[in-house]
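*Asks:* To start, I am sharing the structure in question, which I have written as structure tokens.
Taken together, the values in this text are just the output of simple stated rules run on the coordinates, not laboratory data. This is a predicted model, so every value here is computed, not measured. Virtual Cβ from ideal backbone geometry, glycine too; neighbours counted across all protein chains shown.
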């Protein structure tokens, strides 16, 4: 199987549905190396990313409220949560792709907040294309262009920013996991501040 043939684009789509960054950034490195088409990578990655988000949104839509009624803390704050999600819905939807570690939580909040399906689908698709363009541009164009001045050229000019972006996404996801963890060693649980 070739990493640069027609199946590569299908693999980019499927990987974007499931996780997002690692395979997409690898594809962006292959774009920088001239092995894959930038438009194909961007399109397959964005549509795959949006598909993954929307599978979660539509699976939870209409169901999550019933599940969350089991939690007294959430039931007590239902109106406040829904109002906040409604107030910030466009920004939340657009930010889903840029929030590793919080994608499912933000998508679930949108489903719980009764966001319009048309609004979610449209803005999520726009956000997915923004995500794909930003990552593709950083890895295949800006990174190599900037690193050329540091003496790093060729495919390494794309690999270095790609690895840096993957490490940054991993770090963000780990930071987000830490804010939702159970208290350890008698420490008080982190509280969610209202803004």
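*Asks:* Can you list the residues of the stretch 121-141 with backbone N under 11 Å from a point 7 Å past the Cα of residue 86, pointing along Cα to Cβ?
*Replies:* none
*Asks:* Another question about this same structure. If one computes P(r) from the Cα atoms of the stretch 6-179, what percent of pairs lie at distances over 28 Å?
*Replies:* Percent of Cα pairs beyond 28 Å in the stretch 6-179: 30.
*Asks:* Between residue 126 and residue 105, what length comes free when the chain is fully extended (0.36 nm per residue of separation minus the Cα-Cα distance, one decimal in nm)?
*Replies:* 5.6 nm
*Asks:* For a footprinting-style exposure proxy, rank 164, 92 by other Cβ within 10 Å, fewest first.
*Replies:* If I rank by nearby Cβ atoms, fewest first, I get 164, 92.
*Asks:* Please find the FRET efficiency linking residue 10 to residue 33, where r is the Cβ-Cβ separation and R0 is fixed at 22 Å, and quote it to the nearest 0.05.
*Replies:* The value I calculate is 0.65.
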